[in-house]
Amino acid sequence: MKAETGIDRWIPGTPAERLLLALLLLIALILRAWDLPHLPYVHDELSALIRLYPTLSETLTRGVVGVDTHPPGVQVFLWAWTSIGDQSEAWVKAPFIGASLLALVFLYRMAVRLTDTSVALIMVALLATLQFTVLYGQLARPYAFGLLTTAWMADSLLRYRDSGSRGALIAFALAAAASGYMHHLALLQALLIGITGLWLVAPAQRKGYLLASMGAIALYLPNVLLLVKQFAWKGLDEWLAMPSLAWFADHARFITHWSLVFGLVLGATVVWALVRGFRNKLFSKELLVLAVCWGLLPYFITYAYSVWRAPVLQHSVVLFAFPYVLLLLLAGLRGLASPRTATIAGLVVLFSVSTLVGVRKHFAVAYHSRYEAITKGIIQANAEGIPALTDAPAHVLRFYFDHWHCSDPCRYFDLTGLDASQVATVLDSMNGDRAFLGITLQAPIDRLPQVQQRFPFLLQRHDMAEGQTFLLSARPAKDVLDDITFSSYLSPQAVEGSGWTVDASIPLVQDTTGPAYARVRRWDLGGREFGIERSGSLDSLAPVGTELLEARVELDGPTAPSLVMVLEVKRGEETLIYRTSPITSANARIATLSPAELNGSRSGLTVKTYLWNPEKAQVRVASIALQVRKGNAVQYAMLGPIRGEWSYP
């Protein structure tokens, strides 16, 4: 063991390497803190802020115990931090951004000890610029703090192994305990680091190491009862699906920004590093053991838990293990000359940042909040005296009304949880020719078509990740927006919609009242269960896969509650999606579906649209139509790919 002296104790490397590290940290800071005062909160951050109460005791009992699946560390910090400041975005997020940057320093030092400065710098170049680490480094949630504490723990363990420093041992114990209070997967990371430490340290160091580990356990003991209670909840199966092995492929695509070019560049770099490493025997036993235990094992454990007990596997929860996987993949770049290291790091930054901005559109997507847009829409609608309708969490809207100090109570119609007939009742009670509508991903997909029964003309549309806002009109206007990519309308009045078939035996009835020129014909479905249908390729109707398919039937005269419009997606004889229409008004039925609901390939799928009259009731059909609405390209863009053209930012 040797004592560490000088700047090498804190930042190992040559002056040129330290300068490159400083530049990478500056880039990381810019990406995370860009326009910080206007970086909006995401849903998870709002959930945490809403669960802050005047006292710490109340915050723990009402804001954590029984309602949160995370340890209390970040909630306690937010309570203290907002108590001495405010809940502005810049103030709340700044410590987490700082933690994300400090984590990069600890990871650099750890990587230098296990490999060298070449590998460490290239690894930091990726960690500084990937959306994976940029996004979770911007959130006031456990991820940045958990990455910091686990990186601090790993670095402190290696420092103690190399120098025997008592300060490093104390830091190890504090970081281990803090990891348990940040996130349950950070606790898993800490356990794996701690267990491998018994193998890593010298025999003469084990007594001190065990004492420090016992101290970390003692510091964590107050949280054990909460941990047991939270584990009894199993997982996130109410909204998170059980993962398949395909999740790992999606995770790789997310890491490489869903960019084929960046994926090929990074993949080629990794292949070169692995070949070079094995050829030159650059993978030490110590590196392989630690990288597997600290990097790969958390992925496999989280996947196994998600499959065998309850789903928890998401990109966020493997953040703490990701740097060590990266270290393993890049370890073969040991011994590169400084110019080559700087060149590779520069290329990594170039491809990563360009795809972060150009392909992922991170700053366009992440900086436009659906909740902010809906709240501003309500405020504007109130100012203009037009009704506002929303399908969004009321407590989140109240947070923003308070956050922005709205002096006047903002009025809006909350459609959350209402069925189609209840929405129709709300719409019937409204006055005026225009209305604002704001919806989130949790709203029924037919919410917009329901509202368009009363306000059929679209004046404005804005798409955001997991939400949309609309301005609608009851009357035609010169600036009406057309977001329909396909429409097929069929009626007995010699209007032939493409693709429809009507049973020739269905009788036509004609209105005999009024002047002859105004008399119209209707299909009479009385005594028939089926008779009008359309069938076509899904790919031809919805080539992108985010579109909304809307089937509509208009009735005339007495109606039958049992009559429904049906939309089906089929593969051969197998039905993959089946949607029927709720009753939205006395004379209309609307069925909707989105191909985004499908898993797997959409090739060869068929869409069937038809009327079903199960009771063979007496009904008269005035018209029937199928239309396709352009999809929200950024609906899932925070974590998934942008699909198609973002036409309505």
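The values are calculated or read from the model by the stated rules, or taken from the named source; none is laboratory data. What you see is a predicted model; the values in this text were computed from it and never measured. Using ideal geometry, Cβ is built from the backbone for each residue, glycine included, and neighbour counts are taken over all protein chains shown. Accessible surface areas use protein heavy atoms only, side chains included; no ligands, DNA or RNA. Shrake-Rupley method; radii C 1.70, N 1.55, O 1.52, S 1.80 Å.
If you filter the range 569-615 down to residues that are assigned to a strand (DSSP E or B), under 28 Å from the mean Cα position of the chain (by Cα) and of a type outside the set (Val, Ile, Thr), you find that the one that is surrounded by the most Cβ atoms within 10 Å (Cβ to Cβ) is 591. Counting the residues of the range 257-303 that are in contact with a Lys or Arg (Cβ under 6 Å, 6 or more places away or on another chain) and on the phi > 0 side of the Ramachandran plot gives 1.
Only one entry of 92, 112, 42 meets the criterion of being aliphatic (A, V, I, L, M) and in contact with a Lys or Arg (Cβ under 9 Å, 6 or more places away or on another chain), and that entry is 42.
For every residue, the table says whether it meets (1) modelled with pLDDT of 95 or more; (2) open to solvent by 20 Å² or more (accessible area, probe 1.4 Å); (3) not aromatic (Phe, Trp, Tyr).
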| site | (1), (2), (3) |
| --- | --- |
| 163 | no, yes, yes |
| 174 | yes, yes, yes |
| 180 | yes, no, yes |
| 197 | yes, no, yes |
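If only residues of the range 558-568 that are open to solvent by less than 50 Å² (accessible area, probe 1.4 Å) and outside any strand (DSSP E or B) are counted, the one that is nearest to residue 608 (Cα to Cα) is 563.
Just so you know, in the range 59-100 the residues that are more than 30 Å from residue 125 (Cβ to Cβ) and among the acidic types (Asp, Glu) include one that is surrounded by the most Cβ atoms within 10 Å (Cβ to Cβ), and it is 68.
Scanning the range 45-96 for residues that are farther than 24 Å from residue 134 by Cα, among the β-branched types (Val, Ile, Thr) and free of Cβ contacts under 8 Å to residues at least 40 places away in the same chain yields 55, 59, 61, 67, 84. If you go through the range 307-328 and pick out every residue that is closer than 15 Å to residue 142 by Cβ and of a type in the set (Gly, Ala, Ser), you end up with 2.
Cβ-Cβ contacts under 7 Å between residues 6 or more apart (or on different chains), taken from a first residue in the range 577-588 that is under 9 Å from residue 424 (Cβ atoms) to a second residue that is modelled with pLDDT of 80 or more and small (Gly, Ala, Ser), are listed as 583/420; 583/421; 584/420; 584/424; 585/424.
Considering the range 388-499, the qualifying strands (runs of 3 or more DSSP E), each wholly inside and each with 3 or more residues that are open to solvent by 50 Å² or more (accessible area, probe 1.4 Å), run over 457-464, 484-490.
The test for being under 46 Å from the mean Cα position of the chain (by Cα) and among the aliphatic types (A, V, I, L, M) does not hold for residue 504.
Pairing residues of the range 256-268 that are open to solvent by 70 Å² or more (accessible area, probe 1.4 Å) with residues that are among the hydrophobic types (A, V, I, L, M, F, W, C), at Cβ distances under 9 Å and at least 6 apart in sequence or on separate chains, gives 258/359; 258/642; 261/351; 261/359.
When every residue of the range 532-553 is checked against the conditions, at least one turns out to be touching a helix residue (DSSP H, G or I) at 6+ places or on another chain (Cβ under 8 Å), assigned to a strand (DSSP E or B), open to solvent by less than 50 Å² (accessible area, probe 1.4 Å) and of a type in the set (D, E, K, R).
Considering the range 182-209, the residues that are assigned to a helix (DSSP H, G or I) and farther than 21 Å from residue 297 by Cα include one that is nearest to the chain's Cα centre (by Cα), namely 209.
Once the range 335-359 is narrowed to residues that are hydroxyl-bearing (Ser, Thr, Tyr) and within 28 Å of residue 634 (Cα to Cα), the residue that is surrounded by the most Cβ atoms within 10 Å (Cβ to Cβ) is 352. Filtering the range 616-629 to residues that are open to solvent by less than 70 Å² (accessible area, probe 1.4 Å) and not polar (S, T, N, Q) leaves 617, 619, 621, 622, 624, 625, 626, 628, 629. Residues that are part of a loop (DSSP other than H, G, I, E, B), open to solvent by 60 Å² or more (accessible area, probe 1.4 Å) and either modelled with pLDDT under 85 or acidic (Asp, Glu) (or both) within the range 231-243 comprise 232, 233, 234, 237, 238, 239, 241, listed in sequence order. Checked against the criterion of being part of a loop (DSSP other than H, G, I, E, B), under 23 Å from residue 65 (Cα atoms) and open to solvent by less than 80 Å² (accessible area, probe 1.4 Å), the range 287-310 has at least one qualifying residue. Within the range 555-578, the residues that satisfy the criterion of being of a type outside the set (A, V, I, L, M, F, W, C) and farther than 15 Å from residue 535 by Cα are 556, 557, 558, 559, 561, 562. In this structure, residue 326 qualifies as part of a helix (DSSP H, G or I) and either farther than 30 Å from residue 286 by Cα or touching a residue at least 40 places away in the same chain (Cβ under 8 Å) (or both). If you check 246, 216, 212, 252 for being of a type in the set (A, V, I, L, M, F, W, C), under 29 Å from the mean Cα position of the chain (by Cα) and either modelled with pLDDT under 95 or open to solvent by less than 20 Å² (accessible area, probe 1.4 Å) (or both), only one passes: 246.
For every residue, the table says whether it meets (1) of a type in the set (Gly, Ala, Ser); (2) without any contact (Cβ under 8 Å) to a residue 40 or more places away in the chain.
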| position | (1), (2) |
| --- | --- |
| 155 | no, no |
| 165 | yes, no |
| 174 | no, no |
| 192 | no, no |
| 207 | no, yes |
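The set of residues in the range 37-58 being in a helix (DSSP H, G or I) and either open to solvent by 30 Å² or more (accessible area, probe 1.4 Å) or at pLDDT below 95 (or both) consists of 37, 38, 43, 44, 47, 50, 56, 57, 58.
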